[in-house]
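> Attaching a single structure in structure tokens format; questions to follow.
The values are calculated or read from the model by the stated rules, or taken from the named source; none is laboratory data. Note that the structure is predicted; figures quoted are calculated from it, not measured. When we count neighbours, we look across all protein chains shown, and the Cβ atoms used for this are built from the backbone with ideal geometry, even at glycine.
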Amino acid sequence: MTNLTAKTENVSQRDKFTDPDKTQDGSERAKVALTKLETLWFNTGTLCNIECENCYILSSPTNDALAYIKEDEVTPYLDEIAALDLGTREIGFTGGEPFMNPDMIAMAEAALSRGFEVLILTNAMAPMMRPKIKTGLLSLLARYGKQLTLRISLDHYSAALHDAERGKGAFEKSAEGLSWLSEHGFQITIAGRSFSNEVESDARAAYAALFKERGWAIDADDAMSLVIFPEMDETAEVPEITSECWDILGLAPSDIMCASSRMIVKRRGETSPKVLPCTLIPYRADFEMGKSLAASLNADEGMFDNGAVKLCHVHCAKFCVLGGGSCSS
């Protein structure tokens with residue numbers, strides 16, 4: 001890490017991540033090939049019942065830049081997975097708030113009925129607690145059991161810090177939804193955030209105390225049951241990732257999220273969804289890999305090299321490579 005830092009110190013962030021092939025100092029930019037499509041994500045739309053202080057995707061009650069995706073737009077991708085024999089294990093749904101999308105239960109069932117594991121990211125607030133959604137979730141639970149997982153965004157174990165991000169009273173509203181899910185036996189996990197100067201072991205111990213107090217059957221020491229994500233800040237000063245960095249950092253391209261996942265988005269005003277490398281860059285047209293999974297496998301211009309993703313975004317460096325972040329389960 002010392003060599004990596006020394007190589008990039010005093011370099012302006014403004015001019016980084018501009019050339020798909022070369023970093024600012026002329027080094028070969030790192031790229032990541034798809035080893036297996038383990039997880040296929042669908043963004044259900046950017047509309048959300050709340051507006052968080054630092055939402056990377058700018059979800060809000062008014063932002064519909066990513067339109068609601070529909071069941072009949074999801075199922076062709078599920079069929080394509082089978083046709084291409086991609087061996088995909090998991091279908092993920094994220095937003096926005098997925099349970100604002102009218103087709104959320106139907107889309108989850110379409111994936112579950114084909115044998116996929118399904119992961120839904122939610123704040124567990126009012127949209128999820130509507131009677132129609134609760135009935136639909138209970139029906140899915142009865143038929144598919146542990147095949148379905150809900151990951152609840154609980155930014156911090158303290159109400160004060162969580163509410164500072166998501167609004168006054170948000171913590172208790174999410175806690176109410178969590179309690180309902182727990183009481184009915186749903187498989188639930190938690191997504192927290194890494195706050196500056198907080199030791200992860202201390203944070204996990206505090207989450208564990210919260211889970212015990214509330215009666216939520218979640219193992220705070222399990223990295224998949226409690227995922228603590230690194231912060232995402234597009235203005236952050238971070239080094240670009242070169243092809244030499246893998247050895248310096250002791251990592252392999254296959255360790256990075258885009259080696260095992262892709263994401264489907266539908267932008268407002270467009271007639272069809274698009275394939276992107278990951279969940280973190282939904283607005284960048286230059287990261288589009290085509291309209292189908294088949295096309296994405298051989299994307300070969302701009303940010304791609306025969307399907308491999310060039311790590312030409314600050315999130316690639318800060319969240320995935322240096323932060324070790326991954327959105328799948």
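> Considering each of L148, L140, L178, L161 in turn, give the residue that is modelled with pLDDT under 95 and hydrophobic (A, V, I, L, M, F, W, C).
L161
> Out of the residues in the stretch 1-56 meeting the condition of being among the β-branched types (V, I, T), in contact with an Asp or Glu (Cβ under 9 Å, 6 or more places away or on another chain) and over 30 Å from A108 (Cα atoms), tell me which one is modelled with the lowest pLDDT.
Within the stretch 1-56, the match that is modelled with the lowest pLDDT is T8.
> Please verify whether I133 is surrounded by fewer than 22 Cβ atoms within 10 Å (Cβ to Cβ), touching a Pro at 6+ places or on another chain (Cβ under 9 Å) and hydrophobic (A, V, I, L, M, F, W, C), treating the condition exactly as stated.
yes
> Test each condition in (1) within 22 Å of I218 (Cα to Cα); (2) at pLDDT 95 or above for H156 and report the one that comes out false.
All conditions are met except number (2).
> I've got another one for you. Please find, among G145, G96, the residue that is surrounded by fewer than 16 Cβ atoms within 10 Å (Cβ to Cβ) and either free of Cβ contacts under 8 Å to residues at least 60 places away in the same chain or touching a strand residue (DSSP E or B) at 6+ places or on another chain (Cβ under 7 Å) (or both).
Only one candidate passes the filter, namely G145.
> Now for a different question. Report yes if T75 is closer than 22 Å to V275 by Cα and either modelled with pLDDT under 95 or of a type in the set (S, T, N, Q) (or both), otherwise no.
Yes; evaluated as a whole, the condition is true for this residue.
> Can you find, within the stretch 285-318, the residue that is farthest from V238 (Cα to Cα) among those that are loosely packed, with under 14 Cβ neighbours inside 10 Å and at pLDDT below 95?
My answer is N298.
> Taking the stated definitions as given, is R193 touching a strand residue (DSSP E or B) at 6+ places or on another chain (Cβ under 7 Å), modelled with pLDDT under 90 and surrounded by 19 or more Cβ atoms within 10 Å (Cβ to Cβ)?
Here the answer is yes, as R193 does meet what is asked.
> Going by the structure shown, is V118 within 20 Å of Q187 (Cα to Cα) and among the β-branched types (V, I, T)?
So V118 fits the description; yes.
> Of (1) under 21 Å from T39 (Cβ atoms); (2) part of a helix (DSSP H, G or I); (3) in contact with a helix residue (DSSP H, G or I) (Cβ under 8 Å, 6 or more places away or on another chain), K146 satisfies all except one. Which?
All conditions are met except number (3).
> Let me ask something else. Given the criterion aliphatic (A, V, I, L, M), in contact with a Lys or Arg (Cβ under 8 Å, 6 or more places away or on another chain) and either in contact (Cβ under 8 Å) with a residue 24 or more places away in the chain or surrounded by fewer than 16 Cβ atoms within 10 Å (Cβ to Cβ) (or both), identify the matching residue among V227, V199.
Going through V227, V199 in turn, just one is aliphatic (A, V, I, L, M), in contact with a Lys or Arg (Cβ under 8 Å, 6 or more places away or on another chain) and either in contact (Cβ under 8 Å) with a residue 24 or more places away in the chain or surrounded by fewer than 16 Cβ atoms within 10 Å (Cβ to Cβ) (or both): V227.
> Further, regarding this structure: Considering only residues that are outside any loop (DSSP other than H, G, I, E, B) and in contact with a strand residue (DSSP E or B) (Cβ under 6 Å, 6 or more places away or on another chain), which ones fall in the stretch 249-266?
Scanning the stretch 249-266 gives P253, C258, A259, S261, R262, M263, I264, V265.
> Return the only residue of P127, P98, P76 being more than 17 Å from the chain's Cα centre (by Cα) and under 25 Å from S260 (Cβ atoms).
The conditions single out P76.
> Would you check which residues across the stretch 44-63 are in contact (Cβ under 8 Å) with a residue 40 or more places away in the chain and either in a loop (DSSP other than H, G, I, E, B) or in contact with a Pro (Cβ under 6 Å, 6 or more places away or on another chain) (or both) and list them?
T44, G45, T46, C48, N49, I50, E51, C52, E53, N54, Y56, I57
> Right, another one. Consider the stretch 35-83. How many of its residues are on the phi > 0 side of the Ramachandran plot and surrounded by 20 or more Cβ atoms within 10 Å (Cβ to Cβ)?
Adding up the residues that qualify gives 1.
> Looking at (1) part of a loop (DSSP other than H, G, I, E, B); (2) free of Cβ contacts under 8 Å to residues at least 24 places away in the same chain, find the lone condition where H156 falls short.
Unmet condition: (2).
> Could you check the stretch 186-201 and list, in sequence order, the residues that are of a type in the set (D, E, K, R) and assigned to a strand (DSSP E or B)?
The answer is R193, and nothing else.
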